[in-house]
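Everything on this sheet refers to the single structure shown next.
The values are calculated or read from the model by the stated rules, or taken from the named source; none is laboratory data. Not measured: the values here are computed from a predicted model. Glycine also receives a Cβ, built like all others from the backbone with ideal geometry; neighbour counts cover every protein chain displayed.
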2 protein chains.
Amino acid sequence: MAPTLDLVFAALADPTRRAILSMLLEDDMAVTDVAAPFEISLTAISKHLNILGRAGLISQERRGRVKWCKLEPDALKSASVWMQGFGQFEPIHLDAFERFLKAELPET
Amino acid sequence: MAPTLDLVFAALADPTRRAILSMLLEDDMAVTDVAAPFEISLTAISKHLNILGRAGLISQERRGRVKWCKLEPDALKSASVWMQGFGQFEPIHLDAFERFLKAELPET
DNA sequence: AGCATATTCAACCAAATGGTTCACTGTCGA
DNA sequence: TCGACAGTGAACCATTTGGTTGAATATGCT
């Protein structure tokens, strides 16, 4: 049961993919634009996006020749729920989160 | 940066390891006892425990010939913090969590 | 029509993962 | 001292992962 949880955590285990999610937090993006800040090939980014998609963390909608990537934050809920029991974390205010984002974004 | 986050999420991506964490939520356990409910070899469980240990999710203390495994819930905090920003999850009450636990534990 | 842009496909590679079996090292109990 | 128990190490295997390059497929622009 819960193969989703496998996929979600596996997707989050890669720093490139976490950085992509952080970028999508700002706005929807085309695949090419997602790839821009990274050194790796567009193909590699495409694969990462597929993994994020299969995990339900993003959705992709093709409009014309560009495919738009959109964050789907609900998919994180199951993972978040799973973790809640392991210590009673109160929700964090934005400050702490922003610090984490900065630490995660590629080449600052 | 944040190699810990990589390790924590990677560790959580395996259902066997999540089940182990759930078991350790109840109480500290010896390696052999951790392995008991699973069909896989003791060696495999030992490897899983190593991965959990490297991620900081558990600690292991050898006392005599038995090695005790202890949950370290603090390690989940960084992961939890990371996720907080992606949708404002209010903390979940125990009901939802218990349902997840039941879905995760091996052979009910 | 013809070219450039956006994205994926296919084939390949090195390294990591999750599992196995068998042998080994300690430690406890009789 | 000897045997049983707790756990790790080493070698192996199949599969997945994260990356590459080069070709293919659409779509849009002029």
*asked:* Can you tell me which of (1) more than 13 Å from DNA strand D (Cβ to nearest atom); (2) under 9 Å from the mean Cα position of the chain (by Cα); (3) within 26 Å of A:Arg17 (Cα to Cα) is the one B:Met23 doesn't meet?
replied: (3)
*Mind checking which residues of segment B:20-38 are within 12 Å of DNA strand C (Cβ to nearest atom) and at pLDDT below 95?*
none
*Cβ-Cβ under 7 Å pairs, at least 6 apart or on other chains, segment A:30-55 side in contact (Cβ under 8 Å) with a residue 40 or more places away in the chain, far side within 8 Å of DNA strand C (Cβ to nearest atom) and part of a helix (DSSP H, G or I)*: A:Phe38/A:Ile45
*Quick one: is A:Ser78 more than 14 Å from DNA strand D (Cβ to nearest atom), without any contact (Cβ under 8 Å) to a residue 40 or more places away in the chain and of a type in the set (Ser, Thr, Tyr)?*
no
_Could you list, ordered by first residue, the pairs with Cβ atoms under 7 Å in which the first is in segment A:3-14 and at the interface with chain B (Cβ under 7 Å from one of its Cβ atoms) and the second is within 12 Å of DNA strand C (Cβ to nearest atom) and of a type in the set (A, V, I, L, M), at least 6 apart or interchain?_
A:Asp6/B:Ala13; A:Phe9/B:Leu12; A:Phe9/B:Ala13; A:Ala10/B:Ala13; A:Ala13/B:Ala10; A:Ala13/B:Ala13
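Per-residue answers, yes or no, for (1) over 30 Å from B:Ala19 (Cα atoms); (2) away from DNA strand D (no atom under 14 Å from the Cβ); (3) surrounded by 14 or more Cβ atoms within 10 Å (Cβ to Cβ):
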position: A:Thr32; (1), (2), (3): yes, no, no
position: A:Phe38; (1), (2), (3): yes, no, yes
position: A:Ala44; (1), (2), (3): yes, no, no
position: A:Asn50; (1), (2), (3): no, no, no
